[in-house]
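In what follows, a single structure is set out as structure tokens and then discussed.
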Amino acid sequence: MRLYGLLLLSLTFWKSHSVFKIPLNIFAGKFNASVQLDLRPLQKNEAAAKSGLSLASDPAGIVNFLDMINNLKGDSGRGYYMQMIIGTPGQTLNILVDTGSSNFAVAAAAHPYITHYFNRALSSTYQSTERAVAVKYTQGEWEGELGTDLITIPEGPSGAITINIAAILTSEGFFLPGINWQGILGLAYPLLARPDPSVEPFFNSVVRQTGIPDVFSLQMCGAGVPASTTGDPAGGSLIMGGVEPTLHRGPIWYTPVLEEWYYQVEVLKLEVGDQNLNLDCKEYNSDKAIVDSGTTLLRLPANVFTAVVDTIMQTSLIDDFSAGFFDGTKLACWMRGESPWRFFPKVSIYLRGTNTSQSFRITILPQVRIVP
């Protein structure tokens with residue numbers, strides 16, 4: 001499985017005691033680290049080209065990327081989800097998109113923080129495998145049973161697909177106040193699937209049954225915009241089968257996946273402003289660095305977090321900047337209408353390119369790493 005075109009994702013560094021809330025925005029680096037993906041199964045849609053859209057679709061009509069644009073709702077504070085129809089007759093649920101896990105799981109029992117759930121008894125196509133399953137995340141966990149059923153994605157590949165479904169019967173810290181989703185779509189590799197890798201993940205089933213290319217691209221919008229319970233969600237797009245050219249500018253940049261379980265990558269260095277932290281590469285990657293769309297946090301190892309905070313304090317334009325601001329014990333205040341972003345430096349993360357001698361940088365502006 002290839003994760004293509006990472007936009008506005010979060011990097012998660014485990015074994016951490018401190019947290020930055022940082023949705024990420026990708027900026028092109030100095031080197032073009034692109035590799036060639038085989039997208040020969042795709043062809044240009046002439047009608048879309050005439051309308052000014054560079055739309056890719058496959059000859060069989062299974063993939064129409066234009067239909068998938070803006071198929072995600074949500075925000076950088078509470079996650080991004082898409083609508084799916086499960087079972088026969090169909091039951092509509094919102095499903096959180098998560099590249100940090102591999103199980104497709106839906107609420108199958110009532111919970112105080114969700115409005116509805118998947119009723120297995122009402123679906124004539126649901127089949128239980130009579131296997132128990134449990135998954136623990138960085139935050140929250142659930143237990144349930146495995147089964148299979150049909151799903152359709154209104155803004156995704158056409159047709160019904162048979163997938164493995166974990167029916168969530170009990171959970172702790174998984175469903176949270178204010179969310180608008182009732183399940184989770186794990187997009188990582190089979191090695192993370194529970195209770196064992198024989199449980200085929202959702203996207204693997206989609207590729208096998210529809211014949212689309214084994215590529216998806218993910219765009220999540222709204223970084224730096226405060227989460228709100230009112231108004232339209234910021235949203236984004238999950239393009240299954242390739243990349244929609246109208247959703248990005250310039251070339252696409254790549255970083256190798258070091259091991260196919262999480263999307264584990266290699267961080268080469270961090271800069272605060274123009275100052276290199278000069279830590280050993282092992283510090284940044286202890287014990288793994290992963291790309292995870294299911295969290296809104298940038299989690300740093302304790303030593304790296306301390307170095308980042310110290311450097312921000314040294315390079316900020318605020319006199320006597322309090323360390324309490326970073327551990328959550330003190331607030332920083334400004335006059336209404338005043339923008340504080342100019343007081344803080346940018347933070348840059350460098351990832352290895354597909355050529356080991358190359359790299360590119362993700363620059364994180366203050367307004368997307370500091371939550372008002």
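Figures for the structure shown
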| read-out | value |
| --- | --- |
| Single unsatisfied condition, residue 201 versus (1) over 29 Å from residue 297 (Cα atoms); (2) in contact with a helix residue (DSSP H, G or I) (Cβ under 7 Å, 6 or more places away or on another chain) | (1) |
| Subset of region 267-277 (residues that are modelled with pLDDT of 95 or more and outside any strand (DSSP E or B)) | 277 |
| Criterion (under 16 Å from residue 314 (Cα atoms), at pLDDT 80 or above and either surrounded by fewer than 11 Cβ atoms within 10 Å (Cβ to Cβ) or within 20 Å of the chain's Cα centre (by Cα) (or both)) met by exactly one of 342, 361, 336, 352 | 342 |
| Pairs, first in contact (Cβ under 8 Å) with a residue 12 or more places away in the chain in region 322-349, second in a loop (DSSP other than H, G, I, E, B) and hydroxyl-bearing (Ser, Thr, Tyr), C-beta under 7 Å, six or more apart | 343/316; 344/316; 345/316 |
| Boolean, residue 193 is under 16 Å from residue 85 (Cα atoms) and crowded, with 22+ Cβ neighbours inside 10 Å | no |
| Test: residue in region 216-227 that is in a loop (DSSP other than H, G, I, E, B), modelled with pLDDT of 95 or more, within 30 Å of residue 117 (Cα to Cα) and not hydroxyl-bearing (Ser, Thr, Tyr) | no |
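The values are calculated or read from the model by the stated rules, or taken from the named source; none is laboratory data. Since the structure is predicted, the reported quantities are computational estimates derived from the model, not experimental observations. Glycine gets a Cβ as well: all are built from the backbone with ideal geometry, and neighbour counts include every protein chain shown.
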